[in-house]
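The values are calculated or read from the model by the stated rules, or taken from the named source; none is laboratory data. Bear in mind that the values here come from a model prediction, so they are computed numbers and not experimental data. Cβ placement follows ideal geometry from the backbone for every residue including glycine, while neighbour counts extend to all protein chains displayed. Accessible surface areas use protein heavy atoms only, side chains included; no ligands, DNA or RNA. Shrake-Rupley method; radii C 1.70, N 1.55, O 1.52, S 1.80 Å.
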Amino acid sequence: MEHYWKIKCPVCGAETIWSTKEDTQVHCSHFSSFFPEKSLVIYYNDLGEEVAVSLESVGQVCYNFSCPLCKEEIEACATEGAHQYFIKTNCTHFVSLQREEGDKISAIFADSYNNIFPMEIG
């Protein structure tokens, strides 16, 4: 399972991928730095001025994992503040994401007999 951040530039709309496991994939010249522990992203505007932006307004936390039933790859991304998420997969077993105690996130799967299979992903 992989955990990473997708951060959308507020100036040009380009997406930056930030992960602790891989190098940051920056796709615009405005991105400066990211401080996940402070929920803060630093950008340069078109005048070259440094601008601090709340992660909640430009970022999504993402997870890549596999379905425990069919092994299909799943990408789940969620906004922190709005509690919205999107899923990218061909898996038919995925039902939903749930936030558990202690800010843990679980993916819920169901087989063809409606047996439920929760799986902690973050």
Only one of (1) within 30 Å of Ile108 (Cβ to Cβ); (2) open to solvent by 50 Å² or more (accessible area, probe 1.4 Å); (3) not in a loop (DSSP other than H, G, I, E, B) fails for Cys62. Which number is that?
(2)
In region 73-116, how many residues are open to solvent by less than 90 Å² (accessible area, probe 1.4 Å) and within 23 Å of Ile7 (Cβ to Cβ)?
15
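Taking the condition in a loop (DSSP other than H, G, I, E, B), free of Cβ contacts under 8 Å to residues at least 60 places away in the same chain, open to solvent by 70 Å² or more (accessible area, probe 1.4 Å) and closer than 18 Å to Gly122 by Cβ, does Glu22 pass?
It is true that Glu22 is in a loop (DSSP other than H, G, I, E, B), free of Cβ contacts under 8 Å to residues at least 60 places away in the same chain, open to solvent by 70 Å² or more (accessible area, probe 1.4 Å) and closer than 18 Å to Gly122 by Cβ.
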Only residues that are within 14 Å of the chain's Cα centre (by Cα), free of Cβ contacts under 8 Å to residues at least 60 places away in the same chain and open to solvent by 50 Å² or more (accessible area, probe 1.4 Å): list them for region 1-19, please.
Lys8, Glu15, Trp18
